[in-house]
Amino acid sequence: MSALSPLWPAYLHHFRLDTPDPERLLSFYREALGMEDRTIGDDIWWLEGPARRMMIGKGAAETVPMAAYAVEDRARLSALRARLEENGQEIEPCPTPMLNGGAFAVRNPDGIVMAFGTPEADRSTGQGLPGRLQHIVFATTDTGPQRRFYEDVLGFIESDRVLDEAGEITAVFHRSDEEHHSYAAFRADAARFDHFALETGEWNDVRDWADRFAAMHVPLWWGPGRHGPGNNLFFMVRDPDGNRVEISAELELMPADMAYRTWPHEERTLNLWGQGWMRS
Ligand SMILES: [Fe+2]
């Protein structure tokens, strides 16, 4: 275990989602995810609900410019920064006021800001079903640089990879604690935000979330199903901008020393129960 990056254990604390119409998205996330919001700057809002946090900013639609991860303590955060500096990474000021402890940021190969810090005390506000912010996923044109950045530079651990017939990686799942992935990348024709996920307790929570969206006349977009990698139950809906929100349960746990597995690039890998959403 001595080889573990000081990143370990870390979790997705919040992310920023941009939209040309903030009020429309604020209204959706208030009602759908039971979050409360407040302004924290010019055209930027902080939203918080039970174990889930995000920012909404005014900007280009379907764009996530930043994901913020909470590291266990200040000593690990300092060690992570030193590791990144030794690696030659350019350290940037932390763009979010919602992380403490000498928080800082680096950019991934597609320019997405990855912020690291110790968490503000988590307040559990808002009414809503259980759903802890758990992972975020991006599409990229080349999973190679992504995989090297998340593993070799940051020290995430690879849990699963999906290979096409040519042996090229079409999806890669990384963990920063024992939960199967807190970050993943899918190969696609362009780099873009893919989806974020809330982890619930169990299947009945998945049912209750689906009923909640049904009451709002928000149809399920994909699922329910069960992913191969992660083995989690899931469905997805789309917010008014088209961003995909995943509700998940029973995500697999993997100890740090467990080796990654490989899966074929086919629909069944993405949904053992049926149709898969193929990004490439
Ligand atoms: Fe997901």
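Output the residues belonging to the stretch 230-240 that are in contact with a Phe, Trp or Tyr (Cβ under 7 Å, 6 or more places away or on another chain) and either open to solvent by 30 Å² or more (accessible area, probe 1.4 Å) or away from the ligand (no atom under 16 Å from the Cβ) (or both). I'd like the intermediate steps shown before the answer.
Taking the stretch 230-240 as the starting set, the residues that turn out to be in contact with a Phe, Trp or Tyr (Cβ under 7 Å, 6 or more places away or on another chain) are 230, 233, 235-240.
Of everything in the stretch 230-240, those that are in contact with a Phe, Trp or Tyr (Cβ under 7 Å, 6 or more places away or on another chain) and either open to solvent by 30 Å² or more (accessible area, probe 1.4 Å) or away from the ligand (no atom under 16 Å from the Cβ) (or both) turn out to be Arg238, Pro240.
Restricting to the stretch 130-158, name every residue that is crowded, with 21+ Cβ neighbours inside 10 Å, within 13 Å of Ser176 (Cα to Cα) and without any contact (Cβ under 8 Å) to a residue 60 or more places away in the chain.
The answer is Tyr150, and nothing else.
Pairs under 7 Å by beta carbon, first residue within 17 Å of Met66 (Cα to Cα) in the stretch 19-48, partner in a helix (DSSP H, G or I), six or more apart or different chains?
Between residues of the stretch 19-48 that are within 17 Å of Met66 (Cα to Cα) and residues that are in a helix (DSSP H, G or I), the close pairs are Thr19/Leu25; Asp43/Pro22; Trp45/Pro22; Trp45/Leu26; Leu47/Tyr29.
Only residues in the stretch 242-266 that are of a type in the set (Val, Ile, Thr) count as the first member; pair them with residues that are open to solvent by 70 Å² or more (accessible area, probe 1.4 Å), Cβ under 8 angstrom, at least 6 apart or cross-chain, and list the lot.
Correct list of pairs: Val245/Arg238.
Inspect the stretch 245-262 for any residue being assigned by TED's automatic domain parsing to the domain that holds Asp142, in contact with a Leu (Cβ under 6 Å, 6 or more places away or on another chain), open to solvent by 50 Å² or more (accessible area, probe 1.4 Å) and over 20 Å from Leu133 (Cβ atoms) and give the result as yes or no.
Among the residues of the stretch 245-262, at least one is assigned by TED's automatic domain parsing to the domain that holds Asp142, in contact with a Leu (Cβ under 6 Å, 6 or more places away or on another chain), open to solvent by 50 Å² or more (accessible area, probe 1.4 Å) and over 20 Å from Leu133 (Cβ atoms), which makes the answer yes.
When residues of the stretch 191-229 are filtered for being hydrophobic (A, V, I, L, M, F, W, C), more than 15 Å from the ligand (Cβ to nearest atom) and closer than 21 Å to Leu253 by Cα, how many remain? Even if it seems obvious, please write down each step before you answer.
Our first condition is that a residue be hydrophobic (A, V, I, L, M, F, W, C); within the stretch 191-229, this holds for 191, 193, 196-198, 203, 206, 209-210, 213-216, 218, 220-222.
Applying the additional criterion that residues be more than 15 Å from the ligand (Cβ to nearest atom) yields 191, 203, 210, 213-216, 218.
From what's left, closer than 21 Å to Leu253 by Cα: 203.
Residues in the stretch 191-229 being hydrophobic (A, V, I, L, M, F, W, C), more than 15 Å from the ligand (Cβ to nearest atom) and closer than 21 Å to Leu253 by Cα: 1 in total.
Those residues that are among the charged types (D, E, K, R) and touching a helix residue (DSSP H, G or I) at 6+ places or on another chain (Cβ under 8 Å), I need them from the stretch 183-211; list them, please. Give the derivation first.
Residues of the stretch 183-211 among the charged types (D, E, K, R): 187, 189, 192, 194, 199, 202, 205, 207-208, 211.
Arg187, the sole residue that qualifies.
Looking for whichever is out of contact with any Leu (no Cβ under 8 Å at 6 or more places or on another chain), away from the ligand (no atom under 15 Å from the Cβ), farther than 17 Å from Tyr69 by Cβ and not β-branched (Val, Ile, Thr) here; the options are Asp164, Asp177, Asp160. Which one fits?
Values: Asp177 fails: farther than 17 Å from Tyr69 by Cβ; Asp160 fails: away from the ligand (no atom under 15 Å from the Cβ).
That would be Asp164, the only listed residue that is out of contact with any Leu (no Cβ under 8 Å at 6 or more places or on another chain), away from the ligand (no atom under 15 Å from the Cβ), farther than 17 Å from Tyr69 by Cβ and not β-branched (Val, Ile, Thr).
The values are calculated or read from the model by the stated rules, or taken from the named source; none is laboratory data. Values in this document were obtained by computation on a predicted structure and should not be read as measured data. So basically every Cβ, Gly included, is an ideal-geometry build from the backbone, and we count neighbours across all protein chains shown. Note: accessible area is taken over every heavy atom of the protein model, side chains too, but ligands, DNA and RNA are not part of it. Shrake-Rupley method; radii C 1.70, N 1.55, O 1.52, S 1.80 Å.
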